[in-house]
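Working notes, structure below.
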Amino acid sequence: MHDPEPDFSDEDDFDRPSKSQMKRDMTALQKLGEELLTLPESRWPPLALPEILSDALKAAKKITNFEGRRRQMQYIGKLMRKIDPEPVREAVAAFKLGHAQDSLKLHQSERWREQLLADDAALQTFIEAHVNVDIQQLRNLVRAARKDAANAPEKRSGRAYRELFQFIKASEAAPEAGDE
C-alpha cells in the first residue's frame, strides 16, 4: 500500500536554499543595514553604496516613528540584497573595533588618574612608562587635583581633576621614544 521511501528523482530541485534560510539571510541583511546606520555618513562614500540605498539610509535616520522606521529598515534590507554585503560588514566591524579601542584607551587613562591621585609610587611608574612626559607639569597637576579632592571630597570633577585626565590622555596618545 504505502511506499516507505519517497521516490526522488535526480531532477528534483533541492539545491536551492530553503525558505527559512532565505528569510534568515534577509533578516541578517536588514540587521547589517541597521549597523550601517551607526556609521557616520562620512564613512559611506568609500563603500560605493547605490544612491537609492544611501538615500534610504538618510531617510531612516530622520524617521522617529517606530512602525515607519521598521518598514524603512525592511526596505533597506531589500536594497541590501542587491549589493555585496562584505565591504559593508568589514566597514562596520572596523568602525566598532575603533570605538572599542578608543574606549579602552579612555579607561586606561582613567585608571592612571585614579592611581596617580591615590599613590605617590604611581607617579614614578607613570614617568617610567611615559619617558617623554613633562614631569614638572604632571606633578603640578597631580598636586592640584589632590588639593581639589581634599577641599571637596564628594565632588571629583574639579578643574585640575579634568586637566590631569587630559594630560594623561595626551601622554598615552603620544608616541614613545622607542616607538618611532
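The values are calculated or read from the model by the stated rules, or taken from the named source; none is laboratory data. Here the structure is a predicted model, which means the values were calculated and not measured. Backbone-built Cβ (ideal geometry, glycine too); neighbour counts: all protein chains shown.
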Taking the stated definitions as given, is LEU29 within 21 Å of the chain's Cα centre (by Cα) and not aromatic (Phe, Trp, Tyr)?
yes
State which residue pairs qualify: first residue touching a residue at least 12 places away in the same chain (Cβ under 8 Å) and inside the range 66-78, second residue surrounded by fewer than 17 Cβ atoms within 10 Å (Cβ to Cβ) and among the acidic types (Asp, Glu) in any location, beta carbons under 8 Å apart, and separation of 6 or more residues or different chains.
MET73/GLU34; ILE76/GLU34
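Out of all the residues in the range 94-109, is one or more within 20 Å of THR27 (Cβ to Cβ), of a type in the set (A, V, I, L, M, F, W, C) and at pLDDT below 90? Don't jump to the end; show me each part of the working.
If we filter the range 94-109 for residues that are within 20 Å of THR27 (Cβ to Cβ), which is where we start, we get 96.
With of a type in the set (A, V, I, L, M, F, W, C) added as a condition, the list becomes none.
Checked against the condition, which is being within 20 Å of THR27 (Cβ to Cβ), of a type in the set (A, V, I, L, M, F, W, C) and at pLDDT below 90, the range 94-109 yields no hits at all.
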